[in-house]
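Participant: I have a structure I would like to understand better, so I am pasting it below and will then ask my questions one at a time.
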Amino acid sequence: MKNQKFKHPESLMMSHGYDPKLSEGAIKCPIFQTSTFVFDSAEAGKGFFEIAYGLREKGPTEEMGLIYSRLNNPDLEILENRLCLWDGADDCAVFESGMSAISTIMLEFLSPGDCVLYSNPLYGGSYHFIKNVLCRFGIEAIAFNAHEPENKINDIIEKHGAQDKVKMIYIETPANPTNQLVDIEACRKVADRFSKDDQRVLLAVDNTYMGPIWQHPLAHGADLVVYSATKYIGGHSDVIAGAVLGSAELMTRVKTLRTFLGNMAGPWTGWLLMRSLETLKVRMNEQAHNAEQIANYLQAHPKVKKVHYLGFLTEKDNPQNFAVYQRQLKSAGAMISFDIDGGEKECFRFLNSLKLIKLAVSLGSTESLAEHPSTMTHSDVTPEDKALYGISDSLVRLSIGVEHYEDLITDIGSALDAV
């Protein structure tokens with residue numbers, strides 16, 4: 001970036017990492033729909049494989065050549081270069097889904113006997129993998145509440161006798177579906193407290209709710225940032241993908257395991273995500289603007305008990321969360337959850353009455369979506385954890401899109417009338 005004449009990522013999304021001269025002058029990167037690539041010579045092929053399999057380091061002026069689309073593909077490489085710009089990362093790896101990104105980093109950096117400390121509430125898929133899959137490999141999981149301060153998190157680790165076992169802290173902030181915040185810098189201090197000279201405790205952050213625009217975890221001490229690229233990065237409900245970003249050292253390990261798990265995204269996925277990156281900032285800014293209008297409407301509605309929206313945080317009511325919000329986030333985002341005056345029956349009546357907003361899971365796309373977390377995305381969460389983290393039968397989650405906010409408010413109002 002230091003040598004670039006243009007410094008803003010939204011400008012560089014149009015051309016960074018791509019030379020039209022190498023593709024017959026095409027202004028957009030073509031789809032490289034190929035499984036394998038031709039080497040200029042046997043010596044070149046040998047050199048590429050030596051680097052790919054870690055047999056030697058790449059030379060200072062040496063370029064990594066193309067081998068096979070499970071290892072590298074132009075569409076994926078250009079996409080990964082562009083994603084690095086938003087988060088200021090050394091390197092990026094794109095996956096077939098957000099869950100494949102999450103599971104790969106956990107399988108790479110955790111071993112039998114290790115412990116992962118995670119924040120709650122958490123996306124249902126991540127929660128299930130941590131609670132029900134990692135345990136099969138002898139990996140212990142310990143939870144802490146999103147709002148808990150640094151000293152309380154330290155106490156939880158020590159209470160479980162996990163001082164020497166914690167190898168990763170995995171957090172999601174804001175938390176899905178309640179928008180609770182986790183202090184990234186406090187978690188970095190916890191990780192440092194339990195790190196050893198020869199073993200750094202890694203801090204991984206799921207940044208899906210904020211996309212790469214509204215929050216930059218690496219700048220606050222995270223080692224790895226994870227995305228379901230299906231969401232804001234893709235943004236059109238037509239692609240499934242995930243991404244992990246971090247230092248060159250860590251990403252070499254992530255990419256090596258990705259090669260052998262075979263969960264790299266394909267060229268079509270890379271091409272679709274490159275297309276979406278060009279409009280990412282304008283889409284997300286419009287979604288955030290719409291969300292603010294809708295949150296204000298819900299806040300004043302007599303059938304709504306509580307609105308969980310980051311824009312309503314105040315220093316007086318919640319000084320800790322407000323301080324984290326001011327430090328970490330650049331926007332209140334476009335995710336809103338709210339409690340209807342009632343329970344599952346009333347929520348279902350509301351959801352079934354929506355017309356413009358679609359009843360579907362996922363988030364971050366151009367169309368607005370609504371769902372019932374307790375029985376849908378977080379149905380696998382234990383009743384005890386649901387009660388603890390506010391995932392009640394009365395909770396509805398909204399992902400706000402780019403439609404006109406007045407029409408969205410009309411739709412929400414009509415649906416609430418039916419409750």
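The values are calculated or read from the model by the stated rules, or taken from the named source; none is laboratory data. Computed from a prediction, not measured in an experiment: that's the story for all the values here. Neighbour counts run over all protein chains shown; Cβ positions are idealised from the backbone, glycine included.
Participant: Select from the stretch 214-231 the residues that are of a type outside the set (F, W, Y) and part of a strand (DSSP E or B) and list them in ascending order.
Facilitator: Residues satisfying the conditions are Q215, L224, V225, V226, S228.
Participant: Checking the conditions here, which among I51, I27 is surrounded by 12 or more Cβ atoms within 10 Å (Cβ to Cβ), among the aliphatic types (A, V, I, L, M) and within 29 Å of D87 (Cβ to Cβ)?
Facilitator: Step by step, each of I51, I27 is checked, and only I51 is surrounded by 12 or more Cβ atoms within 10 Å (Cβ to Cβ), among the aliphatic types (A, V, I, L, M) and within 29 Å of D87 (Cβ to Cβ).
Participant: If I filter the stretch 346-361 for residues that are polar (S, T, N, Q) and assigned to a helix (DSSP H, G or I), do I get at least one hit?
Facilitator: yes
Participant: So, one more: Go through the stretch 113-213 and tell me which helices (runs of 4 or more DSSP H), entirely inside it, have 1 or more residues that are of a type in the set (D, E) and surrounded by fewer than 21 Cβ atoms within 10 Å (Cβ to Cβ).
Facilitator: Passing ranges, in order: 150-159, 184-193.
Participant: Do we have K165 as touching a strand residue (DSSP E or B) at 6+ places or on another chain (Cβ under 6 Å), basic (K, R) and within 20 Å of G113 (Cα to Cα) here?
Facilitator: Here the answer is yes, as K165 does meet what is asked.
Participant: Mind checking which pairs have a first residue in the stretch 280-296 that is not assigned by TED's automatic domain parsing to the domain that holds D87 and a second that is of a type in the set (D, E) and not in a helix (DSSP H, G or I), Cβ under 9 Å, 6 or more apart or different chains?
Facilitator: Here the result reads N290/E403, each pair linking the stretch 280-296 to a residue that is of a type in the set (D, E) and not in a helix (DSSP H, G or I).
Participant: Looking for something within 22 Å of the chain's Cα centre (by Cα) and either modelled with pLDDT of 95 or more or among the hydrophobic types (A, V, I, L, M, F, W, C) (or both) - is there at least one such residue anywhere in the stretch 152-162?
Facilitator: No, because not a single residue in the stretch 152-162 is within 22 Å of the chain's Cα centre (by Cα) and either modelled with pLDDT of 95 or more or among the hydrophobic types (A, V, I, L, M, F, W, C) (or both).
Participant: Residues in the stretch 323-359 that are free of Cβ contacts under 8 Å to residues at least 60 places away in the same chain and under 25 Å from G98 (Cα atoms): how many?
Facilitator: 4
Participant: If you don't mind, another one. Could you figure out which of (1) among the polar types (S, T, N, Q); (2) in contact with a Leu (Cβ under 9 Å, 6 or more places away or on another chain); (3) surrounded by fewer than 22 Cβ atoms within 10 Å (Cβ to Cβ) isn't true of S228?
Facilitator: All conditions pass for S228, except number (3).
Participant: Checking the conditions here, which among S337, S365, S331 is out of contact with any helix residue (DSSP H, G or I) (no Cβ under 7 Å at 6 or more places or on another chain), outside any helix (DSSP H, G or I) and under 18 Å from Y309 (Cβ atoms)?
Facilitator: S337
Participant: Please give the helices (runs of 4 or more DSSP H) falling wholly within the stretch 232-321 in which 1 or more residues are within 17 Å of S368 (Cβ to Cβ).
Facilitator: 280-299
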